[in-house]
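The values are calculated or read from the model by the stated rules, or taken from the named source; none is laboratory data. If you're wondering where the values come from, they're calculated on a predicted model, not measured in any experiment. Neighbour counts run over all protein chains shown; Cβ positions are idealised from the backbone, glycine included. When the accessible area is computed, the model is the full protein with side chains, heavy atoms only, and any ligands, DNA or RNA have been set aside. Shrake-Rupley method; radii C 1.70, N 1.55, O 1.52, S 1.80 Å.
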Amino acid sequence: MSLFRRRKTETPAIDDDAARLRLLDAAVSVLGRDAGAPLGTVARRAHVDDETARRLFPTRHALVEATVVRGATRIAGAAFLDDGEPREQIAMLIGRVWQDQAPVLPLTRLGARGPYRRSVERALAPLRATLREAIALAAERGDVRADISPAAVSWLVEQAVIDVIEAADAQALAGADPLQLAMTHALCAAGIGWGDATDVAIAARARLADVDSRRD
């Protein structure tokens, strides 16, 4: 038996804004690996006491929604079209989003299909507008299907990407390259043949790799 009592570990006091930010950052890390993790696990990772965590986010639903909406808002605010022909612009846009979300696919899937979907869709409005712009340009050139509106094609493209997110999160791709599959599946949804979609995706991936190497 120890002759000395251990002092109870105390969490340093922090203001609400800092605690909220730490909780949101911790939620990305924790829920990005396990979308079903409880609020208490996130709070411990954030070094925020349970009382403060539950005051700022009374329910787990509130924390998850705030986390996925913050992520969607950040992605949407960074969306842009690269130089190049519209089909490659579409692939590049999808590729950048995939690279950003690949480390946290369980959380991404939750935002895409879960009860937070409407909030996420509103936050993604600028990204979706950018995608529609590229699709409209491609349709004018006859590069993608033009039998339905660019908005409808954009929706099909978005669903195709979500399909790959779900498959990758479920580890159901049997060794396929998820980044390239996300781009090719999306381009096929836009009406591009599989062979052409593959060629465009390979070119887009090479450009993304070149950008990454220059950053390093």
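Using the structure shown, decide if D143 is in contact (Cβ under 8 Å) with a residue 40 or more places away in the chain, acidic (D, E) and open to solvent by 30 Å² or more (accessible area, probe 1.4 Å). Quick ask: steps written out before the conclusion?
Working: in contact (Cβ under 8 Å) with a residue 40 or more places away in the chain: yes; acidic (D, E): yes; open to solvent by 30 Å² or more (accessible area, probe 1.4 Å): yes.
So D143 passes the test.
Cβ-Cβ below 9 Å, separation at least six or inter-chain, first residue in segment 180-206 and in contact (Cβ under 8 Å) with a residue 12 or more places away in the chain, second open to solvent by 30 Å² or more (accessible area, probe 1.4 Å) and of a type in the set (S, T, N, Q): which pairs?
Short answer, once both residue conditions are applied: T198/Q180; A201/Q180; I202/Q180; A204/Q180; R205/Q180.
Is one or more of the residues making up segment 202-216 part of a helix (DSSP H, G or I) and within 15 Å of R145 (Cβ to Cβ)? Reasoning before the result, please.
Initially, segment 202-216 is screened for residues part of a helix (DSSP H, G or I), giving 202-215.
Add one more test, that the residue is within 15 Å of R145 (Cβ to Cβ), and what stays is none.
No: zero hits.
Please state which of the following conditions D82 fails to meet, knowing it meets all the rest: (1) in contact (Cβ under 8 Å) with a residue 40 or more places away in the chain; (2) within 15 Å of the chain's Cα centre (by Cα).
Among (1) in contact (Cβ under 8 Å) with a residue 40 or more places away in the chain; (2) within 15 Å of the chain's Cα centre (by Cα), D82 violates only (2).
Only helices (runs of 4 or more DSSP H) wholly contained in segment 11-88 count here; list those with 3 or more residues that are under 20 Å from P115 (Cβ atoms) and either touching a Pro at 6+ places or on another chain (Cβ under 8 Å) or among the hydroxyl-bearing types (S, T, Y) (or both).
In segment 11-88, the matching helices (runs of 4 or more DSSP H) lie at 60-77.
Please work out if W98 is open to solvent by 50 Å² or more (accessible area, probe 1.4 Å) and part of a helix (DSSP H, G or I).
Considered against the rule, which asks whether it is open to solvent by 50 Å² or more (accessible area, probe 1.4 Å) and part of a helix (DSSP H, G or I), W98 comes out as no.
Being in contact (Cβ under 8 Å) with a residue 40 or more places away in the chain and in contact with a Leu (Cβ under 7 Å, 6 or more places away or on another chain) is the requirement here; does A134 meet it?
yes
Does any residue of segment 181-194 turn out to be under 21 Å from V68 (Cα atoms) and buried (at least 19 other Cβ atoms within 10 Å of the Cβ)?
Yes: segment 181-194 contains one or more residues that are under 21 Å from V68 (Cα atoms) and buried (at least 19 other Cβ atoms within 10 Å of the Cβ).
Out of V69, V104, report the one residue that is open to solvent by 30 Å² or more (accessible area, probe 1.4 Å), within 12 Å of the chain's Cα centre (by Cα) and among the hydrophobic types (A, V, I, L, M, F, W, C).
V69
Scan segment 147-154 and give yes if some residue there is under 17 Å from the mean Cα position of the chain (by Cα) and open to solvent by less than 60 Å² (accessible area, probe 1.4 Å), otherwise no.
Yes, that holds for at least one residue.
Given the criterion on the phi < 0 side of the Ramachandran plot, open to solvent by 30 Å² or more (accessible area, probe 1.4 Å), at pLDDT 95 or above and touching a helix residue (DSSP H, G or I) at 6+ places or on another chain (Cβ under 9 Å), identify the matching residue among R113, R117, R128.
After ruling out the rest, the residue left standing is R128.
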